[in-house]
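Below is one structure; the comments refer to it alone.
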Amino acid sequence: VNATDKELRRAQTKRVQVILDQGEITEINNQDLKIINDELAQKNYLLTKSSEGKWILRDRDNAHEATYAPRFKYYLQNANDKVKCIEALSGFINELCQLSVFAELIDKTGITLLDIGAGDGSVALPIVKILNRTGKASYIGVERETKFAPVIEEKFKSNQISYRVYLKDFRAILDELTKEMPSVALASHLYTTTKMMEFLPMAFNTLNENGIIILVHDTNMSDAIKFRARFGSLLRLGNRDCTEEINNAFLQSELNSITTTYESCLKFPALSEDDWQKLYHIKQADYDNDYSLFSNEFQKTKNLIDFVLSDKLEAFSDLERKEVLDQFRAYLIENNYQLKSTCKIQVALSPKHTLECEKQFLQLKEKIECSNTKKNVPLSLAYSGTLFNEPLSLIPSQQEKLSVGLNLKKII
């Protein structure tokens with residue numbers, strides 16, 4: 001279906017659901033389900049089975065977000081990703097502020113940071129503080145969840161930083177954002193951003209001529225992504241990793257870009273054998289109706305596994321659940337109950353840049369690459385005579401790919 005009209009799409013979805021409701025489709029093997037959902041993904045649809053055994057056609061993003069919040073809460077409590085991310089971003093921003101083209105902007109008019117998918121604003125706040133050295137920086141947060149608005153307000157108000165929050169989808173307020181003309185756009189861990197080739201131009205259009213976009217996302221070197229890929233044929237929500245799409249978007253757009261990585265970990269509690277057996281036999285009704293049946297360690301592990309797999313264990317058949325948990329459990333025991341993550345920070349310069357800005361940006365890129373080449377160790381960025389508290393690691397096999405986003409035509 002190649003319909004673009006929303007009403008037509010809605011009508012077509014209803015017709016498909018009528019077919020499903022007739023009950024003629026009772027069983028789809030995993031291989032066929034993967035083929036079907038790969039095709040449906042092009043239209044952002046998902047065919048999934050409810051706990052009652054009924055096949056349902058759903059919007060992929062809504063299906064993912066419906067149960068994402070509680071899982072993410074457990075993830076934040078047990079992962080150090082946010083701390084590592086802030087360390088890495090703060091180091092890079094300090095380095096960026098040494099470039100005269102950005103230093104002049106900070107001192108004269110101030111820099112506005114656009115935070116897309118802001119959450120509670122905690123990742124952006126340390127960056128804005130660095131940019132606010134002359135008291136002229138400002139912050140724009142874009143977040144659909146209304147519950148985060150007062151949290152963001154409190155953070156930036158208490159730090160005496162000018163701020164504005166849009167409780168809307170980023171795509172719905174492009175005109176308003178373009179009038180703001182921010183200098184930096186930050187998009188950290190946008191798991192539901194699936195059309196990166198469309199997202200990048202929209203984000204760049206909101207920026208001033210020398211603006212930059214900072215994307216932070218998981219990579220396929222992370223344990224969670226490996227598990228999703230391994231069990232992709234079983235997962236109803238599929239692999240939410242958008243690493244490949246981001247890389248392709250940067251390459252096809254011929255953007256001047258700098259790429260670094262950082263590592264973090266997600267810690268799991270050590271479960272008793274009794275709790276593991278409950279996981280193997282978990283049923284939706286049991287979990288929904290009686291939390292007293294399960295220990296705190298069980299609930300934490302259950303939500304973290306759901307987060308890693310982007311799916312609920314209850315959605316699997318008994319055999320599928322056993323296959324997933326057998327491998328998951330073995331890996332946790334072998335790795336001291338930790339999953340490691342390698343996240344990528346990709347910084348791209350707006351196509352509307354001036355020649356002087358491009359020159360300085362490329363000098364910074366060369367400095368970072370040379371630093372890594374000389375030391376032959378995980379990438380570290382030097383600024384103000386110091387190093388990051390935790391060096392940013394770079395996967396050796398990807399070292400030659402650092403210049404993928406470089407516009408060679410402009411250099412020539």
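Kindly list the number of the only condition in (1) open to solvent by 70 Å² or more (accessible area, probe 1.4 Å); (2) among the hydrophobic types (A, V, I, L, M, F, W, C); (3) at pLDDT 90 or above; (4) out of contact with any Asp or Glu (no Cβ under 7 Å at 6 or more places or on another chain) that fails for Phe156.
(1)
Being assigned to a helix (DSSP H, G or I), open to solvent by 20 Å² or more (accessible area, probe 1.4 Å) and touching a Ser or Thr at 6+ places or on another chain (Cβ under 8 Å) is the filter here; which residues of segment 71-82 pass it?
Answer for segment 71-82, where residues must be assigned to a helix (DSSP H, G or I), open to solvent by 20 Å² or more (accessible area, probe 1.4 Å) and touching a Ser or Thr at 6+ places or on another chain (Cβ under 8 Å): just Lys82.
So, Gly110, is that one over 30 Å from Ser310 (Cα atoms) and either open to solvent by less than 20 Å² (accessible area, probe 1.4 Å) or not β-branched (Val, Ile, Thr) (or both) or not?
Yes.
For (1) at pLDDT below 90; (2) open to solvent by 10 Å² or more (accessible area, probe 1.4 Å), each residue gets a yes or a no:
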{"residue": "Ile258", "(1), (2)": "yes, no"}
{"residue": "Glu263", "(1), (2)": "no, yes"}
{"residue": "Pro269", "(1), (2)": "no, yes"}
{"residue": "Asn289", "(1), (2)": "yes, yes"}
{"residue": "Phe298", "(1), (2)": "no, no"}
{"residue": "Thr301", "(1), (2)": "no, no"}
{"residue": "Ile305", "(1), (2)": "no, no"}
{"residue": "Ser310", "(1), (2)": "yes, no"}
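Looking at Glu143 and the list (1) acidic (Asp, Glu); (2) free of Cβ contacts under 8 Å to residues at least 12 places away in the same chain; (3) buried (at least 16 other Cβ atoms within 10 Å of the Cβ), which single condition is not satisfied?
(2)
What number of residues within segment 159-180 satisfy the criterion of being under 24 Å from the mean Cα position of the chain (by Cα), in contact (Cβ under 8 Å) with a residue 60 or more places away in the chain and open to solvent by 30 Å² or more (accessible area, probe 1.4 Å)?
0
Taking Thr134 as the residue in question, decide whether it is open to solvent by 20 Å² or more (accessible area, probe 1.4 Å) and in contact with a helix residue (DSSP H, G or I) (Cβ under 6 Å, 6 or more places away or on another chain).
yes
The values are calculated or read from the model by the stated rules, or taken from the named source; none is laboratory data. Since the model is a prediction, treat every value here as computed from it, not as a measurement. All Cβ positions, even for glycine, are placed from backbone atoms using ideal geometry, and neighbour counts span all protein chains on display. Remember, those area values only see protein heavy atoms, side chains included, never the ligands or the DNA or RNA. Shrake-Rupley method; radii C 1.70, N 1.55, O 1.52, S 1.80 Å.
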